[in-house]
Amino acid sequence: MSRLMERADVRAANEQISATDDQTLAHQIDLTQIPAPPFGEEARGRRMVELLGEAGLRDVQQDSVGNVLALRPGAEDREPLVLSAHLDTVFPAGTDVTVHADGDLLRAPGVSDDGRGLAAIVAVARALSQADITTRIPILFAATVGEEGSGDLRGVRHLFGTGGAAASAAGFISLDGAGMKYVVTRALGARRFRVVLRGPGGHSWINYGAPNPIHALGRAVGALAAWPTPTDPALSLTVARWGGGTSVNAIPAEAWAELDFRSESVTHLDIGEERLRAVLDRSVAEENAGVGDQDPRLHVEVTVVGHRPAGVTALDSPLVEAALAATRASGVEPEVTASSTDANLPMSLGIPAITLGAGGSAGAVHTTDEWYHNENGSVGIQRALHTVLLVAGLG
């Protein structure tokens, strides 16, 4: 790290990041105000193509799923190091994404997650170009689709799939949101389900006694909420959405719920899925207990709608050591942690991967009150640059 900081070209890149901090913030606002709901990232992707081209990258393009990609050549023809941020937000189409200034804060849905990460990878590309730095191995800049929610990591799945641009990458760095302290080295796995219970329905008085899917679903949710989930490592269970029925005076013909399990342990995710299916089967059986053999019965359907793999990047990995050294050189004592990000996928494949914040601070993430504060924001981008250079190497 000391040798890196002594180089004139690296000092020039750092100075360039500091000098263009206002421009980076303007790009962050610009990108945030382009709606990018799940499966609707196209417009923001087109803007990223323009910005990465203006930052000095060549042949910037979008792949077949919408990822924005640009390969910056290295001195050696080797597999690239990927520097990534994600295009999509959690917010549905029609959400007002206008950025408002509130004192020193910028407020808007997605202004940190991941408007900040997108602006940061543009700033890193610009600094490398302006300082005329050539790394030893190539750097693949990637703005991915489908990181949030129902996107189920579809962007990085394509990136690391057979024939993908990063199928055998040397490493992967995701810039996701704000912050300086945390280095994500463990992938928090997630398994998500949609549960649908269907029955005959009917009139609330005339057909009283027919199996009621909401009654069965309510009992199942109550049993799951009372279940002492595994620990060490923890398994979380969230019933996130549910609904059903058509009228207050009708037995519903359908009820549904969406659930999210998270853990660093694949075994615990398996246990959670087994528990979910067992509780639903028992609840449906109880609801059908009073139904005659020839009468319509209640049935349940369980669909996996999301599967984020768990994984880990070893603490003695050169990528992790580089990130820790770069964080300390920024005056911050790092803390390794777990999270669920684009880095989950490469970690699960055994490819060294981490996630970093891109400087500044943020709060109320994943709400319409999300905010970003740019105090020492440029330092976070410099940390990302130093991590990249320590791993990619310099001539």
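Nothing in this text is a laboratory measurement; each read-out follows from the coordinates by a stated rule. On a predicted model such as this, the values are computed, not experimentally measured, just so you know. Here the Cβ positions follow ideal geometry from the backbone for every residue, glycine too, while neighbour counts run over all protein chains shown.
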Report, to one decimal in Å, the Kirkwood hydrodynamic radius for the chain based on all distinct Cα pairs.
22.5
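From the P(r) of region 1-103, can you give the percent of Cα pairs sitting at distances over 18 Å? Working shown, then result.
Working: 3270 of 5253 pairs.
Percent of Cα pairs beyond 18 Å in region 1-103: 62.
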GNM on the chain, Cα springs under 10 Å; top mean-square fluctuation among Asp88, Asp104, Asp114 goes to Asp104
For the chain, find the longest principal axis of its Cα atoms and tell me its angle to the long axis of helix 115-130, 0 to 90°, nearest 10.
20
Choice from His27, His373, His203 with maximal GNM fluctuation in the chain (Cα, 10 Å cutoff)
His203
Any idea what the alpha-carbon Rg over 2.2 N^0.38 Å comes to for region 195-305?
1.16
Lys/Arg Cβ at +1, Asp/Glu Cβ at -1, dipole of the chain taken about the Cα centre: which of Val49, Val291, Gly103 is farthest positive-ward?
Val291
Just subtract the alpha-carbon distance of Val302 and Leu315 from 0.36 nm times their residue separation and send over the number in nm, one decimal.
0.9 nm
Scoring only Lys, Arg, Asp and Glu (+1, +1, -1, -1) among other residues with Cβ under 11 Å from the Cβ of Thr313 yields -1
Where in region 304-333 is the amide nitrogen less than 13 Å from a point lying 7 Å along the Cα-to-Cβ axis of Arg11?
none
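Could you please report the charge total around Ser84, scoring K, R as +1 and D, E as -1 over all other residues with beta-carbon less than 10 angstrom from its beta-carbon?
On the way: positive: none; negative: Asp114, Glu147, Asp176, Asp342.
Around Ser84, the charge tally is -4.
Can you tell me the dipole magnitude for the chain around its Cα centre, using point charges on the Cβ only (Lys, Arg +1; Asp, Glu -1), in Debye to the nearest 20? Each step should come with its number before you reach the end.
Working: 31 positive and 48 negative charges, 82 e Å.
Rounded to the nearest 20 debye, it is 400 debye.
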